[in-house]
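First the structure, in the form of structure tokens, and then the observations on it.
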Amino acid sequence: MGRKEGKWGSGVARRRRTRADAACCGHQVHIDVGMEPLKYLGEVAPLPTQRPHAGMLRREAAETEPSAPRRHPRCRAHHHPPTPSPPVREKHAPAPSSRSGAPRFERQEGMRQNTEVSASPRGQAEMAASCTFAVSAPFGASSSSSSARRSRRFGVVAMASVGQKVYVPGVAVSEGNGGLPKISLKSPQGSEAEIYLFGGCVTSWKVPSGKDLLFVRPDAVFNGQKPISGGIPHCFPQFGPGAIQQHGFARNVNWSITDSEVTEGDPAVTLERKDDSYSRSMWDFSFQALYKVTLHSTSLSTTLTIINTDDKPFSFNSALHTYFSASIAGVSVKGLKGSKTLNKDPDLKNPLEGKEEREEVTFPGFVDCVYLGAPSELTLDNGLGDKIVISNTNWSDAVLWNPHLQMEACYKDFVCVENAKIETVQLGPKESWVAEQKIELI
């Protein structure tokens, strides 16, 4: 019998014709030219002179159709070559540059979908790495395309979040103890300070010599579960024991960064705390607290602003529970003579009223004393060869504290000299209260 011929012609003609079809479609493919129906068996890289097209994605249909192979829509007949046309950017076909590994876009986009960015250098490095990852195939199938769009959207947001962590010169955010976010301030003169967002707590203040004038107790924990014991903790909206937890909740919650600035080389950062379900569970008022910390060459300034954002009045008291490094045997505080005292030794619950008669207050044993109507400037000799002036505006009271043998492991190494507002502050709706402190090495 002679060779059976159909509408595709003889075997030789069919080979020529199918090869021509493959060539005009712009791809090198292997075609089975036996008596079985023609089918595409695989795909090789596209020719470098022509961009691949959506027709390639129809090869599965060609495998299931018994009559004839699929031809590119532009190839109307084998003897008519396709009319040249501008390259078409198909949504579903990767471009040759993507195959070669070159980035597809000038703006490289990340694949991480978490927009919450760690404030640490490691977190910033990881986010930077993810945000500069080049997407090798930005045009994929529809499912991967939507994923890429999600990644690009979140990537851009994440990049913006990282950008927000780049503050003015002298202000940086990193990972501190226990993985808690920590702000670092550095002045051109070499002074440094550290502030933890948990509790809005200043934990370190170093003068240009490198000496740290603040103290953090060795039993302090950095787990975000209890207040940091040391530095300059907040006491708000309550000082000491009372209707809510000891010293209030401000030292036991996360604060956020709202602003950073630099003035004549002095870096500053402003933290914010607002009411939430946790605070309202014990103190049912709407408020905004702003805390600005400014580092100078030999001093550290803080400004606390409390704003009543509620539609009803509230009252509070507050303090900055500052721990100073010290050698307690040589510590003295000047400037309190004549102030009214509430001495909690020997009975913490029933303080004795009195009047300070000493020019210098020393610490031979346990000391826990409130000074009402204290002067706006005190001088601390820390017993380590340093004299520190503690000045304030609107902190009307002061507190001196050293636990002595109640904290035998560390009482010799620190003293607390605290600016406070023991008398109750009353704020009506939209009213605010501002208090400033400056601690300066002289």
Please compute the modelled spin-label separation between residue 288 and residue 243, points set 7 Å along Cα→Cβ, answer in nm with one decimal.
2.5
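Taking the mean number of other Cβ atoms within 10 Å as a proxy for protection, how do you rank 288-299, 332-343 from highest to lowest? It would help to have the intermediate numbers written out before the result.
On the way: 288-299: 19.7, 332-343: 17.5.
Highest mean packing first, the order is 288-299, 332-343.
Based on the alpha carbons, how large is the Rg to Rh ratio for segment 306-398 when Rh follows Kirkwood?
Working: Rg = 15.4 Å, Rh = 15.0 Å.
Over the Cα atoms of segment 306-398, Rg/Rh equals 1.03.
Apply the a/c threshold of 1.5 to the C-alpha gyration tensor of segment 206-348 and tell me whether it is rounded, prolate or oblate. Provide the component values of the computation, followed by the final result.
On the way: a/c = 1.66, a/b = 1.15, b/c = 1.44.
It is oblate, given that a/c is not under 1.5 and a/b is not larger than b/c.
Using only the Cα atoms, work out Rg/Rh for segment 272-326, with Rh taken as the Kirkwood radius, to two decimals.
Numbers: Rg = 14.6 Å, Rh = 13.5 Å.
Result: Rg/Rh = 1.08.
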On a 26 Å Cα-Cα criterion, which of the cross-link pairs 349/387; 211/421; 206/344; 226/421 come out too long?
349/387; 211/421; 206/344
Kindly report, to the nearest 10 Å², the accessible surface of residue 280 as traced by a 1.4 Å probe over protein heavy atoms only.
80
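Under the classification rounded if a/c is under 1.5, otherwise prolate if a/b is larger than b/c and oblate if not, where does segment 375-442 fall, given a ≥ b ≥ c as square roots of the Cα gyration tensor eigenvalues? Please report the intermediate quantities before stating the final value.
On the way: a/c = 3.51, a/b = 1.69, b/c = 2.07.
Since a/c reaches 1.5 but b/c is at least a/b, the shape of segment 375-442 is classed as oblate.
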Run through the DSSP bridge list for segment 190-316 and note the antiparallel percent, rounded to the nearest 5.
95
For segment 186-285, rounded, prolate or oblate, judged on the Cα gyration tensor with a ≥ b ≥ c (square roots of eigenvalues), a/c < 1.5 rounded, else prolate if a/b > b/c?
oblate
Extreme residue, positive dipole direction of segment 202-336, given options 256, 233, 218 (C-beta unit charges)
218
Rounded to the nearest 10 Å², what accessible area does residue 407 show when all protein chains are kept and the probe is 1.4 Å?
50
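The values are calculated or read from the model by the stated rules, or taken from the named source; none is laboratory data. Being a predicted model, the structure only gives us computed values, none of them experimental. Please note: Cβ atoms are built from the backbone with ideal geometry, for glycine as well, and neighbour counts cover all protein chains shown. Each accessible area value is taken on the protein alone, full model and side chains, heavy atoms only, with ligands, DNA and RNA left out. Shrake-Rupley method; radii C 1.70, N 1.55, O 1.52, S 1.80 Å.
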